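The values are calculated or read from the model by the stated rules, or taken from the named source; none is laboratory data. Only a predicted model underlies this, so the values are computations on that prediction, with no experimental measurement involved. All Cβ positions, even for glycine, are placed from backbone atoms using ideal geometry, and neighbour counts span all protein chains on display.
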Amino acid sequence: SERYAVVGNPIKHSLSPQIHSAFAAQTGEDIVYSKQLVPLDGFADFARSFFAEGGRGLNVTVPFKLEAFELADTLTDRAASARAVNTLLLDEKGEILGDNTDGAGLVFDICNNLGWQIRGKKILLLGAGGAARGALLPLLAAQPTHLHIANRTAEKAVQLAAEFSQLGELSGGGLEALRGCYDLIINASSASLDKVLPPLPEGCVADQGKAYDMMYGADLTPFSHWAQAQGADVADGQGMLVEQAAESFFLWRGVRPKTTPVRAKLRQDLN
Ligand code: ATR
């Protein structure tokens, strides 16, 4: 069987081995997928040895996504625009290819699993860090009429919007300056990790509005709780987690696993 792994620090709580093993069992692909704790200064050495010793693919998580981006010989467009890599593989030439499947996983979950529309909608993206940047190219490719980035530090949102301005109708600003209402609000800030709600004005959720928190857990995040109280349909990042994994699996194996049973099992385990 061929070897794959997820690399991070910490890594203990990673659900990737469970998800990829389920994909392998379902598709009959003969792989082993392990988790690897790598010291903070040891990512590049680990990754090079892994591939030199016959390993086929890596998933990369916190805090190594930027180092994986720097290590890759070639980047997909979505990894280049994310400036972060969560998936590595050896290509036909024996070079290390870096991809980022996070944003595609998010958009797939929103459009295909939840059945929420992005095309023709007004989107609000909260946060301007790595998670927000990683989502931008796939989100804009889904053709919203407008995408506004709002961030605690306004300047970072303005810059990020300027950087992607060729790819769609977008704008950026601070949270306090938020105006208007949005069909879909995506929380890509790390506020939920701190169990806090970014300061959001009343009335920014459109009629029939939706809210997606990239974070997930057994309980609703403060953001999802707030959005529900505003009348929005809400979802958390569990679907995104499984879909980004499916996208990596497809890149490595050329086979697209069915995610529905895997998402159902994960939801059951987490609750
Ligand atoms: P990630 O990779 O998860 O995106 P990051 O790059 O450190 O992590 O970015 C964290 C994002 O969450 C930033 O946009 C940050 O806002 P600032 O740019 O102002 O720092 C945002 N964030 C973190 N804690 C927050 C909070 N309590 N309220 C609102 N935004 C917060």
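So that you can scan it fast, the table gives a plain yes or no per residue for (1) within 17 Å of Thr101 (Cβ to Cβ); (2) in contact (Cβ under 8 Å) with a residue 60 or more places away in the chain; (3) in contact with a Lys or Arg (Cβ under 9 Å, 6 or more places away or on another chain); (4) assigned to a loop (DSSP other than H, G, I, E, B):
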site: Ile11; (1), (2), (3), (4): no, no, yes, yes
site: Gln26; (1), (2), (3), (4): no, yes, yes, no
site: Val32; (1), (2), (3), (4): no, no, yes, no
site: Asp45; (1), (2), (3), (4): no, no, no, no
site: Phe50; (1), (2), (3), (4): no, no, yes, no
site: Val62; (1), (2), (3), (4): yes, no, no, yes
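Do we have any residue at all in the range 70-79 that's in the same structural domain as Arg263 (by TED's automatic domain parsing), buried (at least 24 other Cβ atoms within 10 Å of the Cβ), at pLDDT 95 or above and more than 13 Å from the chain's Cα centre (by Cα)? No, because not a single residue in the range 70-79 is in the same structural domain as Arg263 (by TED's automatic domain parsing), buried (at least 24 other Cβ atoms within 10 Å of the Cβ), at pLDDT 95 or above and more than 13 Å from the chain's Cα centre (by Cα).
Restricting the range 141-177 to residues that are of a type in the set (A, V, I, L, M) and more than 12 Å from the ligand (Cβ to nearest atom), the residue that is surrounded by the most Cβ atoms within 10 Å (Cβ to Cβ) is Leu147.
Restricting Asp77, Asp41, Asp73, Asp30 to residues that are under 17 Å from Gln244 (Cβ atoms), of a type in the set (D, E, K, R) and away from the ligand (no atom under 16 Å from the Cβ) narrows the list to Asp77.
Could you pull out the residue among Arg179, Arg253 that is in the same structural domain as Leu88 (by TED's automatic domain parsing) and on the phi < 0 side of the Ramachandran plot? Can you show your working first?
Details: Arg179 fails: in the same structural domain as Leu88 (by TED's automatic domain parsing).
Step by step, each of Arg179, Arg253 is checked, and only Arg253 is in the same structural domain as Leu88 (by TED's automatic domain parsing) and on the phi < 0 side of the Ramachandran plot.
For the range 180-191, the tally of residues that are farther than 15 Å from Arg152 by Cα and surrounded by fewer than 18 Cβ atoms within 10 Å (Cβ to Cβ) stands at 2.
Restricting attention to the range 110-125, does a residue exist that is over 30 Å from Thr145 (Cβ atoms) and more than 16 Å from the ligand (Cβ to nearest atom)? No, there is no match, as no residue in the range 110-125 is over 30 Å from Thr145 (Cβ atoms) and more than 16 Å from the ligand (Cβ to nearest atom).
Which ones in the range 192-203 are over 17 Å from Met240 (Cβ atoms) and either surrounded by fewer than 18 Cβ atoms within 10 Å (Cβ to Cβ) or within 9 Å of the ligand (Cβ to nearest atom) (or both)? Talk me through it step by step, then tell me what you get.
Looking only at the range 192-203, we keep the residues that are over 17 Å from Met240 (Cβ atoms), and these are 194-203.
Residues satisfying the conditions are Asp194, Lys195, Val196, Leu197, Pro198, Pro199, Pro201, Glu202, Gly203.
Considering only the range 154-218, give the strands (runs of 3 or more DSSP E) lying wholly within it that have at least 2 residues that are of a type outside the set (Asp, Glu) and without any contact (Cβ under 8 Å) to a residue 40 or more places away in the chain. Before you say what the answer is, go through the steps one by one.
Working: elements: 170-174, 182-187, 205-213.
The strands (runs of 3 or more DSSP E) meeting that bar are 170-174, 205-213.
Yes/no matrix, rows are residues, columns are (1) part of a helix (DSSP H, G or I); (2) assigned by TED's automatic domain parsing to the domain that holds Leu58; (3) touching a residue at least 12 places away in the same chain (Cβ under 8 Å); (4) not aromatic (Phe, Trp, Tyr):
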| residue | (1), (2), (3), (4) |
| --- | --- |
| Ile110 | yes, no, yes, yes |
| Gly115 | no, no, no, yes |
| Gly120 | no, no, yes, yes |
| Ile123 | no, no, yes, yes |
| Ala128 | no, no, yes, yes |
| Arg133 | yes, no, yes, yes |
| Leu137 | yes, no, yes, yes |
| Pro144 | no, no, yes, yes |
| His148 | no, no, yes, yes |
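Return the total of residues in the range 85-97 being closer than 18 Å to Ser16 by Cβ and either surrounded by fewer than 22 Cβ atoms within 10 Å (Cβ to Cβ) or not assigned by TED's automatic domain parsing to the domain that holds Gly254 (or both). Residues that pass the stated criteria total 1.
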